[in-house]
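Following: one structure in structure tokens, then a few remarks.
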Amino acid sequence: MNTQYNQTLISYPINNLKGTLVISGDKSISHRAIILGSLTIGKTIITGLLEGEDVKATIGAVQKLGASVKRIAPGHYVVQGVGTGGYFQPDNVIDCGNAGTGVRLLIGAVATTPITVTFTGDSSLRSRPMGRVTEPIRQFGTKIHGRESDQLPMTVIGTHDPIPISYRLPVPSAQVKSAILLAGLNTPGQTEVIEESSTRDHTERMLKAFGAELTIENQRGAKKITLNGYAELQPQKVVVPGDPSSAAFLIAAGLLAENSTITVKNVGMNPTRTGVFKTLVEMGAQIDIEELPEQSGEPVANLTVRYSSLQGITVPPERAPTMIDEYPILAAVASIANGDTVMRGIKEMRIKETDRIHAMVKGLEECGVETTEFEDGFTVHGQGPGSISGDCTCRSYYDHRIAMSFLCLGLAARKPVKVDDGSAIATSFPEFVRSMNFCGAKVQEGGQL
Ligand code: S3P
């Protein structure tokens, strides 16, 4: 991977952000469009694809597995797939970089094809647990050998003779659900996944659009997803909506910098993703939603945020799966709310690109914000606008969302906030610095405090 470490970034206090921007493509949907396209016979045409490092790693992976992926124009790609069960034996290790979603989905996608694939990644990805995926995938009959049993590098020996499984997710995880469904595509019979809390459902929506037979039933409050095996997928035209997780940073910027009005266009509004917007509105944020026609089966809207006075709240823990990636930026915004924002039931945050609870608590302390840390979350003791001292360096732990959260917080601080390494931002939101500065922010490389 082409990873450049130690890119220090500094964000200066600024008011009055103004601007209208189109947000780049959704990362979750982009990974899935590339992988499903690679599993069809024929040409899948994708527009709006996120050109972040994570998605590029997934493109590289499916190319090594025999698919052809051509870039026609920015965000516009044509994938020529090999069909379900058609992946080739790669001639080398597949490096997924920093992409947790990419590698977890790919482990499922190769599991029921008789090839041997070794996956690796950068040091952050190599330290992340894969057991949650390998445990159900082994039940198909796949052999998996990982370092320390469930870490990358990991060799997956796909099975000739897959057995369909029925699996109840022990943790709410769209990655695990998706890995199982992808493994089920080249398996006879029916593969079932049962989830107690709804996680992002892009895989289910996209599988249906690609012609897979998939049903979703309510089972005593849980969701049962049943996929008919030996599916033949039909190539599609996929229009990737903008990423609500990236949009959340610009919306937050509009709430952190006084007198701001920012419009973010083309934001994916799948209800399994929009918990952060709901939470911000409950805190008092003025966010106008202009609904647009669906794009490739996904709801989309333009969002306009106006600087607002915010109150701390207790975020309902059951909302966590719909905003699990947005707690870092919510915590940054909560720092200038009045009163406590309590975020619990989010132990999952500890095993993301880094331990995000720890990273936020430490960085907020540096910025002069009081917090209380729990095993399953944290509370931010917001002191209102003007209370952030800044004049500090926050560690990103090579985590894109941690880096962007502190750069947004810098807008509202009395003195600048520096992030030790912002290079990971390129994994999900390469346009971040440009988008912020387009609205009037001052985020720069290097620089003195
Ligand atoms: C993702 C699912 C979530 C999320 C990740 C992307 C996906 O992870 O945190 O950034 O695209 O399926 P989990 O499935 O582990 O909750």
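The values are calculated or read from the model by the stated rules, or taken from the named source; none is laboratory data. Keep in mind it's a predicted model, so treat the numbers as computed, not measured. Surface areas here come from the heavy atoms of the whole protein model, side chains and all, with no ligands, DNA or RNA. Shrake-Rupley method; radii C 1.70, N 1.55, O 1.52, S 1.80 Å.
Below, the figures for the structure above:
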read-out	value
Accessible solvent surface per residue of the range 94-156, calculated while the other protein chains remain in place, 1.4 angstrom probe, Å²	28 Å²
Residue with peak Gaussian network fluctuation, the chain [Cα springs, cutoff 10 Å], from Phe249, Phe438, Phe119	Phe438
Note, ³J(HN,Hα) from phi for the range 142-149, Karplus 6.51, -1.76, 1.60, rounded to Hz, x at Gly and Pro	6, 9, 9, 10, x, 5, 6, 6
Share antiparallel - DSSP beta bridges, the range 341-447, percent rounded to 5	75 percent
Å² of accessible area per residue within the range 308-449, as computed with a 1.4 Å probe and no ligands counted	34 Å²
Solvent-accessible area per residue for the range 253-304 (1.4 angstrom probe, square angstrom)	38 Å²
Value of [θ]222 nm, deg cm²/dmol, for the chain, DSSP H segments ≥ 4, -39500 (n - 2.57) each, nearest 500	-8000 deg cm²/dmol
Centroid-to-centroid separation of the range 184-222 and the range 399-419 [C-alpha atoms, Å]	38 Å
The chain: angle of helix 356-367 to the longest principal axis, Cα-based, in degrees nearest 10	20 degrees
Additional length obtainable on full extension of the chain from Thr116 to Ile351, 0.36 nm per residue less Cα span	81.9 nm
Partner lysines for Lys362 [C-alpha distance under 30 Å; skip if fewer than 8 residues away on the same chain]	Lys27, Lys278, Lys347, Lys352, Lys415, Lys418, Lys442
Helix axis angle, 100-110 relative to the chain longest principal axis, alpha carbon, degrees	10 degrees
Surface share of carbon and sulfur [accessible, 1.4 angstrom probe, percent] for the chain	47 percent
The chain: most fluctuating residue of Ser246, Ser28, Ser309 per GNM, C-alpha cutoff 10 Å	Ser309
Nonlocal amide H pairs with Asn266, under 5 Å, H built at 1.01 Å	Ala301, Asn302, Leu303
Highest-MSF residue in the chain out of Gly60, Gly221, Gly37 [GNM, Cα springs under 10 Å]	Gly221
Under-5 Å amide H pairs with Ala231, H placed in peptide plane, nonlocal only	Thr187
Interchain or long-range residues, amide H under 5 Å from Arg414's placed H	Ile388, Ser389, Gly390
Debye log10 I(q)/I(0) at q = 0.13 Å⁻¹ for the chain, Cα point scatterers	-1.13
Cα-based helix-to-principal-axis angle, 400-410 vs the chain, degrees rounded to 10	10 degrees
